[in-house]
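As structure tokens, the structure follows; a few thoughts come after it.
The values are calculated or read from the model by the stated rules, or taken from the named source; none is laboratory data. None of these values were measured; they are calculated from a predicted model. Glycine gets a Cβ as well: all are built from the backbone with ideal geometry, and neighbour counts include every protein chain shown. Areas reflect the complete protein model, heavy atoms only, side chains present, ligands, DNA and RNA absent. Shrake-Rupley method; radii C 1.70, N 1.55, O 1.52, S 1.80 Å.
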Amino acid sequence: MASKYGNRSLGLMSCSSNRASALTACSRKRRSTATVESDASSWASLNEDLLRLIGWRVLAGDLLDYVRFRAVCPYWRSSTMCPRGRGINDARFHPRQWMMLPEGHGLYPGHSKLRKYIRFINLSTGSIVRSKLPIFSDHCVLDSTEGILVLQRDRDTAVLLLHPFTGDTAELPPLVSLRRMLSPIQEVVVDWSFYRTVGATSFSVSANGVVTVMIAFFYLARVACATTMDQQWQLSTWTISNVWRPMSSQGKIYTLHCDTLDSELQIFQIDLPGHGEKIDIGGGLLCYLPEPKLIATFPAGKLHMPYHLGECDSEILLIGRKGCMISSHVEVYRLADITLDKIVPVTSIGTNALFVEERVLSVSSRVHPTIVGDAVVLLHPEEPYIGQYHLASGTWLQTADGCIKGGGILSPCSLIYHIFTCCHRATWNKGAILFQGKREPTWKVKRKCRLGA
């Protein structure tokens with residue numbers, strides 16, 4: 001039978017053992033903390049030039065990765081260039097891979113249920129983020145270019161460029177100034193929908209920070225140009241085709257034209273006016289708009305409508321049908337090849353797929369499991385579904401479940417439909433989803449201010 005003294009000695013031994021364990025654990029914790037602090041100290045003491053170099057490499061991949069890079073510690077933040085204030089003027093900070101994502105259910109940007117937040121999707125990675133943009137309480141979206149949103153202010157029709165992640169803006173003259181460029185008869189005939197149906201937008205920034213914007217209005221079949229220093233838009237005296245949608249790339253606008261169904265297809269390039277290039281009109285200096293330049297001609301009979309221009313990995317592509325306009329075979333040609341008279345169809349665009357509707361978007365196969373590379377995603381010419389045509393094999397696959405006939409896509413629907421809606425501006429900017437209800441829904445608020453947008 002153990003005595004009370006024996007129990008006491010056992011207790012002392014147990015207590016000593018616990019104290020030793022605690023001291024060992026504490027020592028380990030101190031060493032671990034010291035190691036972490038040492039590692040943190042070594043990272044925080046990186047050479048400033050090296051940090052900037054790493055930062056630029058990160059920025060080349062994605063703007064938001066660069067933002068996260070700068071958030072590591074105060075030293076990294078102070079050693080690298082801040083995007084805020086440079087979001088529009090510095091092309092390195094343009095969020096090119098990001099596209100505003102339609103919510104569906106009519107939840108347009110600025111809807112009270114969204115609480116001023118708007119979601120954006122990265123078309124290269126599939127990442128989705130939210131950005132708080134209270135500006136949409138009195139603005140609507142007309143277009144996007146290089147990830148920059150093109151807005152119209154409701155009260156005075158002023159045009160703004162908005163960087164969705166830095167909040168930077170550039171203000172252009174009101175759209176109402178375009179009406180002054182028309183004759184009295186044209187003012188009566190041409191309603192506001194002609195001024196808000198945008199086909200393509202491009203812009204550039206001069207060394208002194210002046211932003212020049214060029215907008216191709218699809219229904220108006222004209223191009224307008226203005227700078228942040230102007231009070232009025234300049235409207236082109238020449239016209240563009242309003243049959244095939246124009247597209248913008250690297251500060252230029254490209255358009256298509258063909259005289260008849262059997263004639264050759266002409267590809268034109270419209271350059272932004274040089275900085276400071278002005279013309280005197282009615283005593284006022286406005287932007288000088290150079291005429292479109294014919295840069296390539298595609299042989300008649302090789303490709304059939306509907307025609308589309310798109311961009312993938314900085315290459316401009318021409319998309320059409322092989323054989324006839326209702327053919328199930330799709331063909332893609334590089335503009336660079338066409339200019340060299342090399343009329344050879346493209347069979348590979350890497351891991352990307354081209355989403356083709358009113359406009360064309362290049363989407364990586366990493367964004368969604370049903371997207372495959374080397375494919376064109378569009379409406380099947382014979383069956384009522386969105387399919388993807390594989391360029392190398394010439395076969396069709398269904399990209400998303402559901403029959404699009406009669407606007408019958410049920411909600412919630414696949415992310416594919418949300419991305420495909422981004423290709424149709426008149427649905428995309430109203431928070432609707434293509435093939436759910438009307439093809440071109442009307443605004444539920446401020447209809448008079450946003451007619452045609």
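Here the extension length gained between R77 and L451 equals 130.2 nm, from 0.36 nm per residue of separation less the Cα-Cα distance.
Across the stretch 287-363, the mean sequence separation of Cα contacts (distance under 8 Å, 6 or more residues apart), normalised by length, yields a relative contact order of 26 percent.
The portion of the accessible surface of the stretch 343-453 made up by carbon and sulfur, rounded to a whole percent, is 57 (1.4 Å probe; DNA, RNA and ligands excluded).
Evaluate the relative contact order of the chain (contact order divided by residue number), counting alpha-carbon pairs under 8 angstrom at least 6 apart; express in whole percent. Dividing the mean separation by the residue count of the chain yields 11 percent.
For the cross-link pairs K132/K405; K405/K444; K116/K438; K113/K446; K113/K448, which exceed 27 Å when the distance is taken from alpha carbon to alpha carbon? Pairs exceeding 27 Å: K132/K405. Diagonalising the gyration tensor over the Cα atoms of the chain and scaling each eigenvalue by 5 before taking the square root yields semi-axes of 51, 29, 23 Å, largest first. Compactness ratio for the stretch 194-246: Cα radius of gyration over 2.2 N^0.38 Å (N = residue count) comes to 1.19. Net charge dipole, the stretch 368-453: roughly 920 debye, given to the nearest 20, about the Cα centre with Cβ charges of +1 for Lys and Arg and -1 for Asp and Glu.
Just by accessible area at a 1.4 angstrom probe, what is the order of D341, D271 from largest to smallest? It would help to have the intermediate numbers written out before the result.
Details: D341 125, D271 40 Å².
Ranked from most to least accessible, the order is D341, D271.
What is the packing order of peptides 183-196, 344-357, 414-427, taking the mean over residues of other C-beta atoms within 10 Å and listing the highest first?
Numbers: 183-196: 13.8, 344-357: 18.6, 414-427: 22.3.
Averaged packing, sorted descending, gives the order 414-427, 344-357, 183-196.
Remark: spin-label model distance R180-E48 equals 4.9 nm, labels positioned 7 Å along the Cα→Cβ axis. About its Cα centre, the chain has a charge dipole of approximately 2660 debye under the convention of +1 per Lys or Arg Cβ and -1 per Asp or Glu Cβ, with nothing else charged.
Dipole size of the stretch 156-205 about its Cα centre, with +1 on Lys/Arg Cβ and -1 on Asp/Glu Cβ: approximately 140 debye, rounded to the nearest 20. Overall, the ratio between the Cα radius of gyration of the stretch 87-169 and 2.2 N^0.38 Å, rounded to two decimals, is 1.05. Farthest towards the positive end of the charge dipole of the chain, among the residues P164, H380, T351, is the Cα of P164, using unit charges on the Cβ of Lys, Arg, Asp and Glu. Just need log10 I(q)/I(0) for the stretch 109-221 at q = 0.10, 0.13, 0.16, 0.22 Å⁻¹, Debye formula, equal scatterers on the alpha-carbon atoms, no solvent, rounded to two decimals. Relative scattering, expressed as log10 I(q)/I(0), comes to -0.35, -0.58, -0.84, -1.31.
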